[in-house]
1. Rounded to the nearest 0.05, what FRET efficiency do residue 93 and residue 139 have when you use their Cβ-Cβ distance and R0 = 25 Å?
2. Between residue 166 and residue 38, what FRET efficiency comes out of the Förster formula 1/(1 + (r/R0)^6) with R0 = 25 Å and r the beta carbon distance, rounded to 0.05?
3. Would you mind getting me the FRET efficiency between residue 70 and residue 124? Use the beta-carbon distance for r and R0 = 35 Å, nearest 0.05.
4. Rounded to the nearest Å, what's the spacing between the alpha carbon centres of the range 82-103 and the range 118-183? Just the number, please.
5. Using a simple spin-label model with points 7 Å from Cα along the Cα→Cβ vector, what separation in nm is obtained for residue 50 and residue 83?
6. Grab the Cα-Cα distance for residue 107 and residue 157, subtract it from 0.36 nm times how many residues apart they are, and report the gain in nm with one decimal.
7. Please identify which residues in the range 66-91 have an amide N closer than 18 Å to a label point set 7 Å out from the Cα of residue 132, following the Cα→Cβ vector.
């Protein structure tokens, strides 16, 4: 049988620990629910399928690094610390989806060199769906040839992404240049 003193000690510990536990769950749910992209200020942002890492890594899961201007976003979607990324631009349709265009540069030996005839998911997480792909440019290299593939339809669903406090990956302006569309 416990004494009143033991019960009082348990209550005091619970009062000290409970706010910490509740605080952690609120932070986790805020990150998981991240504010809608439409509500974000104009500028550069990063969202990923996993929370911000506590290590040297710049992102976890698959990430969208982008510049937002009103409802227009332009950036890239890809896996941190890899050369697996695709450039995107488009409009925010609703709170959790973007539609627009995408392009990637494929080289010999890359499975993406021939765009499929039907819609497909680009990523393992099945967040980015691409369709209507076509080769728009062949570029010879010293050792191989690269192809620029444009997808007229790109839909990115970012319903369960985490908003990072600030972009940690390479700037979209350094990786994606849409000037080829103007020529």
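Nothing in this text is a laboratory measurement; each read-out follows from the coordinates by a stated rule. Note that the structure is a prediction, hence the values are computed from the model and not measured. Every residue, glycine among them, receives a Cβ derived from its backbone with ideal geometry; neighbour counts consider all protein chains shown.
1. Details: r = 33 Å, r/R0 = 1.30.
About 0.15, to the nearest 0.05.
2. Working: r = 19 Å, r/R0 = 0.77.
My answer for the efficiency is 0.85.
3. Working: r = 31 Å, r/R0 = 0.89.
Plugging the Cβ-Cβ distance into 1/(1 + (r/R0)^6) gives 0.65.
4. 7 Å
5. 2.2 nm
6. Numbers: separation 50, 0.36 × 50 = 18.00 nm, distance 2.70 nm.
Length gained, residue 107 through residue 157: 15.3 nm.
7. Within reach of a label on residue 132, which here means backbone N under 18 Å from a point 7 Å along Cα→Cβ, the range 66-91 contributes 73, 87-91.
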